[in-house]
Every structure is written in structure tokens, then in C-alpha cells.
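Nothing in this text is a laboratory measurement; each read-out follows from the coordinates by a stated rule. Because the structure is a prediction, the values reported are computed rather than measured. Positions of Cβ are generated from backbone atoms using ideal geometry, with glycine treated the same way; all protein chains shown enter the neighbour counts.
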Amino acid sequence: MREQRVQRLIECGLVPIIRAPRREDVVPAARALAEGGVKVVEITLTTPGALEAIEETRRVLGSEILVGAGSVIHAADCRDATASGAEFIVSPICRPELVGPAHEAGCPAMLGAYTPTEAQLAHEAGSDFVKLFPAEGLGPGYIKSLRAPLPHLRIVPTGGVNLQTLAAFFQAGCPAVGVGSALVSKDILARGDWTELARRARQFVEAVRQARGC
């Protein structure tokens, strides 16, 4: 199960991040992303009622989209998230103790890192991906340099990824990118403009396709 979910993350190549101010915005936002062709969504635990939102999103859209939990800091949060239906786990920090509970639930883990040492430690802990965060201060060139001596790392940059920078991250060897406000913006969430969100999602899906040359 976990490897299948790993492959779905790679195939999509795009991990939109929903960090909503209200629980009731999560399902409409996820539905709009799915309508735009996105097959993966990360719901952060900083969202009010995040566990209920994950459970509801799985119930409503589970066959259409892979639902993950983001901003996971503690092992207890990881267990709560998987119990609520999260299918992958993302942390902004290198917290190795998250890997065991995630894998026990059949979920890929994506630990955060900023330095080569943190990235390698995440990999050695069993993390399926390494979330480079925040990526905007480092950029694709850093990732290319990092992967020269460490080509085994599956690096997923988050922060600073938009329609203009996306292709360069894939060219640097990233299997996927995490996208936050450049796609699921605070303004869209505040206005509930799901038509606009679906339109943006289509733009990002097409940008990923072009970046991969497929």
C-alpha cells in the first residue's frame, strides 16, 4: 500500500497544500483541486478541525484524490492523522520518530530538511521523501548541488514554488513539488472562489506536464 501511494505522489508531481482558516473550506477546496486535475492534496494540521477535515475529505473525495496530513510535528499527531484517514504524512522538520507510525499505517512519510545533513538523516530514518523547506531561499541550484553527492534523495521543495519556478525544480531532479499560497491562496479561501482555484490547478497540472516533457 505504501509503495503504491509513493508512486501516486510521484505520478502527480504536485502536492497542493491547504492551510485553511476554517474547516468547512477544506472539502470545497479539495474538490476544486480535483476538478482541476490534481490527484493529491495535503491538509495541514494547523487548520482548525484538521482531523475531521481529513476524514471528511477522504469520505467525499477518497476515490479521486490522495489525502495527506501536513505540519505533523509529533508521533501522536501522526497516529491521529492516519487514524482519521490520512494517506501520507508531511512534516516541516526532521523528526525521525514520525516514520515508524506512518509506515505502520501504510503511509509514505516526508520529513523536512534544510541542510545536506538533515536531508540524509531523514533518508536514513526511512523517510520516503525529503521536504526541502523553506525552498525559496535555496532554489533549484541548491537541490542540483545537493543531489550530486546524494542522488538517492527524493527531494520535494516547498516554499517559493510557483508557475515561474516550477520547471527548474523538476530539472534539478525533484520527483514532485509542494505548492502553497501560489495555488491555494488566502484570498481564494476567503472568497470561496472554487472556480478560480480549479482554473489555477489546471495551470499547475499543465506546468508539471510540460516540465516533465510529457
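Among the candidates ARG31, ARG5, ARG23, the residue that is on the phi < 0 side of the Ramachandran plot, out of contact with any Phe, Trp or Tyr (no Cβ under 9 Å at 6 or more places or on another chain) and basic (Lys, Arg) is uniquely ARG23.
Each row is one residue, and each column tells you yes or no for (1) crowded, with 19+ Cβ neighbours inside 10 Å; (2) more than 14 Å from the chain's Cα centre (by Cα).
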| residue | (1), (2) |
| --- | --- |
| ILE73 | no, yes |
| ALA81 | yes, yes |
| ILE89 | yes, no |
| PRO96 | no, yes |
| VAL99 | yes, yes |
| LEU111 | yes, no |
| GLN120 | no, yes |
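Going through (1) on the phi > 0 side of the Ramachandran plot; (2) in contact with a Cys (Cβ under 8 Å, 6 or more places away or on another chain) one by one, GLY139 falls short only on (2). Checking VAL156, VAL161, VAL130 one by one, the residue that is under 28 Å from GLN203 (Cα atoms) and in contact (Cβ under 8 Å) with a residue 40 or more places away in the chain is VAL156 and no other.
Among the residues of segment 61-85, those identified as under 15 Å from ALA105 (Cβ atoms) and touching a residue at least 40 places away in the same chain (Cβ under 8 Å) are LEU66, GLY68.
When segment 19-42 is examined, which residues are found to be within 14 Å of ARG58 (Cα to Cα) and within 12 Å of the chain's Cα centre (by Cα)? Listed by number, the residues that qualify are LYS39, VAL40, VAL41, GLU42.
Within segment 187-214, residues that are touching a residue at least 40 places away in the same chain (Cβ under 8 Å) and surrounded by fewer than 17 Cβ atoms within 10 Å (Cβ to Cβ) reach partners that are of a type in the set (Gly, Ala, Ser) and part of a helix (DSSP H, G or I) with beta carbons closer than 8 Å, at six or more positions or on different chains, in the pairs THR195/ALA32; GLN210/ALA167.
Of all the numbered requirements in (1) closer than 25 Å to ARG147 by Cβ; (2) without any contact (Cβ under 8 Å) to a residue 24 or more places away in the chain, TYR114 misses one, and that requirement is (2). A residue that is more than 22 Å from PRO175 (Cα to Cα) and either among the hydroxyl-bearing types (Ser, Thr, Tyr) or touching a residue at least 12 places away in the same chain (Cβ under 8 Å) (or both) cannot be found anywhere in segment 5-15. Selection of segment 153-166 for residues being touching a helix residue (DSSP H, G or I) at 6+ places or on another chain (Cβ under 8 Å) and more than 22 Å from PRO92 (Cβ to Cβ) yields only LEU163.
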